[in-house]
Structure formats: structure tokens, C-alpha cells
Amino acid sequence: MCYNGIVEKMKGGRQLSCLGKEDAMSPRQKRNIFANLSRALAAKVTDSVREEIGQVLNVNTEKMTAGQAIAYAQVAKAIKGDKNAFEAITNATKQEDFKEEKAFSVEIKVVD
């Protein structure tokens, strides 16, 4: 079944939208969307956005990109008490890499 716009797969592996139509987006269209998003996230932000973020967070906003502004704005919202922003940050930063490393020993023998 398909709920809330989630794509489901048929037996043949084709992806269908919730309306039952085949996904018509070509790989080229997907690449174009990714390229446009990448350019937009790398773009500079306006002075008003930088000032607003700078008021909440003590960060250098001089050369801030849109991607950085989005991340900082999410943190600023979490600091102000937005539960959803806090959950988004914690979910995005959960990684197995943060586990505590166990101690180990190495034995080296020198042979003449």
C-alpha cells in the first residue's frame, strides 16, 4: 500500500506513485534536480539571514552559504525550544561512528 506520497514497488521492480502511474522522472531529470539543489545550497545568503542567525549563534556568517544557513537555522530553532528541530538534528547526527572505542594492545618483537 502507499501512504502519504511514499513510493511503492510492483513485482517487476518498477516504482509507482500513489496514483499507480509509473515514475516518469528520467535519470537526467534527477541529475538536473540534484545539480540545481547543489548550486542553491552553495549560493550566498542575504545579509538579513546572516544577521538573524548571528544573533542566536556565535558563528562567522561572513561567507555563509544557503546550506550552512539551513543547518544553523535548524540549530537556532532547536535552541529556542522547537522540539521538531531538535529531533531532526538528533536524528541526522546519530551515527555508529560515535561509539566509544575499546582499548587494545600491540606486542612487537624485534628479531635480529
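The values are calculated or read from the model by the stated rules, or taken from the named source; none is laboratory data. All of these numbers come straight from a predicted model, not from anything done at the bench. All Cβ positions, even for glycine, are placed from backbone atoms using ideal geometry, and neighbour counts span all protein chains on display.
Observations on the model:
- Residues that are surrounded by 14 or more Cβ atoms within 10 Å (Cβ to Cβ) and either in a helix (DSSP H, G or I) or of a type in the set (Ser, Thr, Tyr) (or both) within region 45-59 comprise Val49, Arg50, Glu52, Ile53, Gly54, Val56, listed in sequence order.
- Output for region 64-112, where each listed residue is under 25 Å from Phe34 (Cβ atoms), at pLDDT below 85 and not in a helix (DSSP H, G or I): Lys94, Gln95
- Phe34, sole failed condition from (1) surrounded by 11 or more Cβ atoms within 10 Å (Cβ to Cβ); (2) at pLDDT below 90: (1)
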